[in-house]
């Protein structure tokens with residue numbers, strides 16, 4: 001009985017923690033730009049990437065009840081950059097956001113970024129196939145020779 005009560009309490013705490021976060025998915029066009037927070041040099045990841053922001057760790061809501069999420073910068077392999085300023089979120093019921101960061105038009109070496117996006121797409125397809133077949137590498141040929 002005590003174990004069940006403890007399990008219920010732990011599950012409630014985990015649910016409360018999970019519900020106090022806003023998830024923001026950052027995508028770049030073309031895909032594959034490195035996304036970093038403007039206020040930090042720590043990368044969030046390669047786009048598309050999702051980051052969860054704990055509401056308790058953000059500055060308190062303003063007078064209108066809105067919270068501010070720090071801005072991000074996208075950096076492509078060619079050196080092109082794009083920035084999204086701070087995100088002001090007033091509807092805290094909607095816990096999922098999507099931010100698109102387009103590559104600046106006219107910046108040189110677009111082919112470098114398109115090649116990087118293609119490589120990322122191939123790697124994601126390989127990863128997806130690898131998980132789909134249970135983490136076992138697919139055979140490349142018939143091992144029995146038949």
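Coordinate-derived values only; no laboratory data. Computed from a predicted structure; not experimentally measured. No Cβ is skipped: glycine too gets one built from the backbone with ideal geometry, and neighbour counts run over all protein chains shown.
Counting only residues that are part of a loop (DSSP other than H, G, I, E, B) and surrounded by fewer than 12 Cβ atoms within 10 Å (Cβ to Cβ), how many does segment 63-85 have?
Start the filter on segment 63-85 by keeping residues that are part of a loop (DSSP other than H, G, I, E, B), which leaves 63-66, 70-71, 76-80, 85.
Pick out the ones that are also surrounded by fewer than 12 Cβ atoms within 10 Å (Cβ to Cβ) and you get 63-65, 79, 85.
Within segment 63-85, residues that are part of a loop (DSSP other than H, G, I, E, B) and surrounded by fewer than 12 Cβ atoms within 10 Å (Cβ to Cβ) number 5.
I need the full set of residues from segment 111-127 which are in contact (Cβ under 8 Å) with a residue 60 or more places away in the chain and either out of contact with any strand residue (DSSP E or B) (no Cβ under 8 Å at 6 or more places or on another chain) or part of a loop (DSSP other than H, G, I, E, B) (or both), in order please.
Applying the first criterion (in contact (Cβ under 8 Å) with a residue 60 or more places away in the chain) to segment 111-127 yields 113-114, 116-117, 119-121.
Correct list: 113, 114, 116, 117, 119, 121.
A quick yes/no check of all residues on (1) in a loop (DSSP other than H, G, I, E, B); (2) loosely packed, with under 14 Cβ neighbours inside 10 Å:
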position: 25; (1), (2): no, no
position: 32; (1), (2): yes, no
position: 36; (1), (2): no, no
position: 41; (1), (2): yes, yes
position: 45; (1), (2): no, yes
position: 50; (1), (2): no, no
position: 61; (1), (2): yes, no
